[in-house]
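Here's the structure we're looking at; comments come further down.
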Amino acid sequence: MQRVGFPSIVSSFKPLSDYASGFELGQGFTKPIYQLPNFRLENVKAEANLRIGWLRSVVHIHSGFGNNSFVDELAYAAKKDPVQFHLDLLKKETNNVKLVPLQFNSNRMMDVLNQTAKMANWGKNFLKTTGWVLPYIIVFTVMLPQL
């Protein structure tokens, strides 16, 4: 089960909007990259105590970070490199998954992930106390890695 709670941008225009809206959840939470059996999403109350301003991509940034951080924790539990763990999951995916408005392409996503890891010198000179996350997200029509 994935539980999400964040103040909705809708609260800036409609007071007492204490739950994330459908369009916000659709930006990475209700359409995950990996097809997961028995997936359950819970939207919890999160009051907005301040006026929320617009942020580019609105929800994609923190949904991508949260989703991929969890996958990285799975990799850690399996004692596998997180990048390789993501690549192994992507190899299982089909290129026919429809993520509106972008047609998902797992080969392209693997290329983006490999290139980002290479540019970041992934795995070289990491301190044991340092945590690295290499999330990637689909923001509208762009595959975007974050480090």
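The values are calculated or read from the model by the stated rules, or taken from the named source; none is laboratory data. Since the structure is predicted, the reported quantities are computational estimates derived from the model, not experimental observations. Glycine also receives a Cβ, built like all others from the backbone with ideal geometry; neighbour counts cover every protein chain displayed. Keep in mind that these areas ignore ligands, DNA and RNA; they rest on the heavy atoms of the full protein, side chains included. Shrake-Rupley method; radii C 1.70, N 1.55, O 1.52, S 1.80 Å.
Can you find a residue that is of a type in the set (S, T, N, Q), within 30 Å of Gly123 (Cα to Cα) and open to solvent by 100 Å² or more (accessible area, probe 1.4 Å) anywhere in segment 32-40?
There is at least one residue in segment 32-40 that is of a type in the set (S, T, N, Q), within 30 Å of Gly123 (Cα to Cα) and open to solvent by 100 Å² or more (accessible area, probe 1.4 Å).
When both residues are 6+ apart or on different chains and their Cβ atoms are under 7 Å apart, which pairs have a first residue that lies in segment 1-20 and is acidic (Asp, Glu), and a second that is open to solvent by 60 Å² or more (accessible area, probe 1.4 Å) and part of a loop (DSSP other than H, G, I, E, B)?
As it stands, the answer is Asp18/Lys45; Asp18/Glu47, since those pairs meet every condition given.
Tell me the residue from Gln103, Gln2 that is under 28 Å from Ala117 (Cα atoms) and modelled with pLDDT under 75, please.
Just a single option satisfies the conditions, and that option is Gln103.
Got a sec? Which of Lys128, Lys79 is open to solvent by 70 Å² or more (accessible area, probe 1.4 Å), more than 23 Å from Gly26 (Cβ to Cβ), at pLDDT 80 or above and not in a helix (DSSP H, G or I)?
Lys79
Taking into account only those residues within segment 1-31 that are among the basic types (Lys, Arg) and closer than 23 Å to Phe85 by Cα, which is least open to solvent (accessible area, probe 1.4 Å)?
Lys31
Being among the acidic types (Asp, Glu) and buried (at least 18 other Cβ atoms within 10 Å of the Cβ) is the filter here; which residues of segment 58-76 pass it?
Within segment 58-76, just Asp72 meets the criteria.
Condition check ((1) modelled with pLDDT under 80; (2) part of a helix (DSSP H, G or I)) across all residues:
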site	(1), (2)
Phe39	yes, no
Glu42	no, no
Gly53	yes, no
Ser57	yes, no
Asn68	no, yes
Leu74	no, yes
His86	no, yes
Leu89	no, yes
